[in-house]
Amino acid sequence: MFIQTESTPNPATLKFLPGQAVLEVGTADFPSVEAAAKSPLAKRLFAVSGVSGVFLGNDFVTVTKSDSVEWDHIKPNLLGAIMEHFQSGAPVIDEGETAASGHADHSGEDAEIVTQIKELLDTRVRPAVAQDGGDITFHGFDRGVVYLHMQGACAGCPSSTLTLKMGIENLLRHYIPEVTEVRPVAV
């Protein structure tokens, strides 16, 4: 098994490509070791000293490290943990558990606008941020303000504010006049 690695715009996050499907559908964000309880792969990665977050996508694993360690010191252990996991045949997420589909549900008078927002996020934004090892999901819409949740490499990325304001906000405002602003949320 050959695992490729790619840097991300977030210097604290590295993207691992195991060359096979990680999740069939959705994504899974594990911002802490406690959150990783339902994923044998995430638990194995958190066992490596210095790991502060794990994010799973369709064909990639994104790992965020704490500031106290260097990639040169933990990258070999992470590669070994990923390889051991896939060779073991263990599930990525425990049976009965599911990956997140992403977007929060929204109903009410703005349902049509929210449908347009989600469609633009799914077709124009999420594929681009997945290339960088992250995800951005819809969290809410209230009086013109779109609330988005940033995950994986996008969470804590120095350029995330620029991505939100200059990229996503401009895109949504262009196609959906009811959108006036985009703000990040922490879940």
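List of remarks:
- Filtered residue count, segment 131-187, keeping only those that are assigned to a loop (DSSP other than H, G, I, E, B) and in contact with a Lys or Arg (Cβ under 6 Å, 6 or more places away or on another chain): 2
- Against the criterion of being touching a His at 6+ places or on another chain (Cβ under 8 Å) and of a type outside the set (Phe, Trp, Tyr), Leu120 does not qualify.
- Residue match in segment 12-23 (condition: among the charged types (D, E, K, R), closer than 21 Å to Ser160 by Cα and surrounded by fewer than 21 Cβ atoms within 10 Å (Cβ to Cβ)): no
- Selected residue [among the β-branched types (Val, Ile, Thr) and touching a strand residue (DSSP E or B) at 6+ places or on another chain (Cβ under 8 Å)] from Val61, Val69: Val61
- Those strands (runs of 3 or more DSSP E) of segment 28-130 in which at least 1 residues are modelled with pLDDT of 95 or more, considering only elements entirely within it, cover 51-56, 61-65.
The values are calculated or read from the model by the stated rules, or taken from the named source; none is laboratory data. A quick note: this is a predicted structure, and the numbers were derived from the prediction, not measured. Glycine gets a Cβ as well: all are built from the backbone with ideal geometry, and neighbour counts include every protein chain shown.
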